[in-house]
1. For the range 377-431: of the residues being basic (Lys, Arg) and in contact with an Asp or Glu (Cβ under 9 Å, 6 or more places away or on another chain), which is nearest to Thr454 (Cα to Cα)?
2. Taking Pro63 and the conditions (1) over 30 Å from Asp241 (Cβ atoms); (2) in contact (Cβ under 8 Å) with a residue 12 or more places away in the chain, which numbered condition does it fall short on, given that it satisfies the others?
3. Of all residues being within 27 Å of the chain's Cα centre (by Cα), of a type outside the set (Ser, Thr, Tyr) and surrounded by 15 or more Cβ atoms within 10 Å (Cβ to Cβ) in the range 309-325, which is farthest from Ile474 (Cα to Cα)? Just the residue, please.
4. Among Ala395, Ala366, which is part of a helix (DSSP H, G or I), closer than 15 Å to Val464 by Cα and of a type in the set (A, V, I, L, M)?
5. Go through the range 217-270 and give me each residue that's of a type in the set (Asp, Glu) and either farther than 21 Å from Asp94 by Cα or touching a Phe, Trp or Tyr at 6+ places or on another chain (Cβ under 6 Å) (or both).
6. Could you give every pair whose Cβ atoms fall below 7 Å, whose first residue belongs to the range 364-387 and is closer than 18 Å to Ile406 by Cα and at pLDDT below 95, and whose second residue is aromatic (Phe, Trp, Tyr) and open to solvent by 10 Å² or more (accessible area, probe 1.4 Å), counting only separations of at least 6 or pairs across chains?
7. If a residue must be modelled with pLDDT of 85 or more, among the acidic types (Asp, Glu) and within 20 Å of Val65 (Cα to Cα), how many such residues does the range 233-286 contain?
8. Which residues, counting only those in the range 178-204, are over 25 Å from Leu312 (Cα atoms), in a helix (DSSP H, G or I) and open to solvent by 20 Å² or more (accessible area, probe 1.4 Å)?
Amino acid sequence: MSFKSETDTEVLANLMEYIYLKGKVKAEMAVRLALSRVVGAYGLVIICTDEPDKIIAARKGSPLVIGVGNEEYFLASDATPIVEYTKSVIYLNDDDVAIITKNELTLKTVRNDPQTPVVQQLDIDIGEIDKGGFAHYMLKEIFEQPRSILDTFRGRVAPDFSSIRLGGLFNVLPKLIDARRIIIIGCGTSWHAGLLGEYLFEDLARIPVEVEYASEFRYRHPIINKDDVIIAISQSGETADTLAAIQLAKEAGALVLGICNVVGSSIPRETDAGVYTHAGPEIGVASTKAFTAQVTVLAMMAILIGRKKNILTEETYLKYIKYLTEVPKKIEDILKMDDDFKKIATLYKEANNFLYLGRGYFFPVALEGALKLKEISYIHAEGYPAAEMKHGPIALIDHNMPVVVIAAKDTSYEKIVSNIQEVKARDGIVIAVVTEGDKVIKELADHVLEIPDTDTVFTPLLAVIPLQLLSYHIAVMRGCHVDQPRNLAKSVTVE
């Protein structure tokens, strides 16, 4: 066998060709024999020049979906590009091999065991995957958040706002209520949502929580007990590290739940139960509406469990439900101020570094704001707990350093005011996200981004919106490819 590139996929192509030529077998058998001898993840679509009327598809670890049309088939890593042509899809499972001809699809395993294809119907409208008049998908998805959050709790909050019901957790709710510990796993933005989940579960349900990067969790020989609950968070449902971490947790006998956006994807199929976010298709690589939908689900879970455990009184329970249902309208109000955020972006589009600070519930928001700026504008940005500024980052602050402070009213408000004063004492530029009507920080900060008042539990859902828009406008002004930032993929389906 000779290799012509440094691409690992070529190893498989060479192995298949070797077996095909030396064994004098059909292409299908060559594929299955080759796959039975390799270790690792793959999502393959294979054509043999000697059998041009046939396509062979196979998956393990990496996603692969087949669209079923009228005497035609479509193959992709997810369903979004297929919906324009058909809403009937088949999701391949690990070790599945599909043999496709013009008029027939046959499904079997690598070991040649016949399988019955399960055709599912996509609940996606073609209008959801165009830009809808917006300049970029990311901007469209930021502006969709009032609707996506509403869709996330629609049908789960009673019409009279008297209760929360999460049908996907109905059969496992007793185990969740009695959990000794919750471990939340995710990557990137989903990990930030998980950090907010830690605050929510510990605050409202009094359950100890650990939040882990899936990539670290799977490799560090973690201690997992049978009375632990693992919550895996992923927009795509196909994140390779998260899927591997799920398998590890299942082998340890823990209850594994999924929070995912894509119906039929791998994580919902691999977990014991879970909740779909219903955010709708998210095309932009930098996640926006998926993040707020994930946090909405985590909030509903924490509120529900807190009430079931009698941690929350009936009065407090109803109060939180009311606050939740008010979030979409409050985000609509924030989006009306987009021109204000754009003006601030104009002033700092050439900055080389940003620092994001927050306390308590607002620390994960600071991390998410910094990540958004890094992802799409290529400006170096770091998120820190505000109190940690004095343990290193304060040395970086000068008149060239914009510092974004999430400073909405909460129990640590006086502390964050003190942090802002420390930044200003060192000639730092302060861009503060504040509660509407705030007068103290308005006198201190160079710029304020106002958000409506709500309970601290739901303030992160509001506070992240100005940060998303600030990042978006800076990236556009810098001429960056907002929807497809360099070196990044929407779904990280390989290690």
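1. The first filter runs over the range 377-431 and keeps only residues basic (Lys, Arg), leaving 390, 409, 415, 424, 426.
Now drop any that are not in contact with an Asp or Glu (Cβ under 9 Å, 6 or more places away or on another chain), which leaves 390, 409, 424, 426.
Numbers: Lys390: 29, Lys409: 9, Lys424: 28, Arg426: 32 Å.
Step by step, filter the range 377-431, then rank; the result is Lys409.
2. Only one criterion is unmet by Pro63, namely (1).
3. The residue in question is Ile321.
4. Details: Ala395 fails: closer than 15 Å to Val464 by Cα.
Matching residue, one of Ala395, Ala366: Ala366.
5. Narrowing the range 217-270 to residues of a type in the set (Asp, Glu): 227-228, 238, 241, 251, 270.
The answer is Asp227, Asp228.
6. Cβ pairs passing all conditions: Pro385/Phe363.
7. Matching residues across the range 233-286 total 3.
8. Trp191
The values are calculated or read from the model by the stated rules, or taken from the named source; none is laboratory data. What you see is a predicted model, and the numbers here were worked out from it, not measured in a lab. Counting neighbours? That spans all protein chains shown, and the Cβs are built from the backbone with ideal geometry, glycine included. Each accessible area value is taken on the protein alone, full model and side chains, heavy atoms only, with ligands, DNA and RNA left out. Shrake-Rupley method; radii C 1.70, N 1.55, O 1.52, S 1.80 Å.
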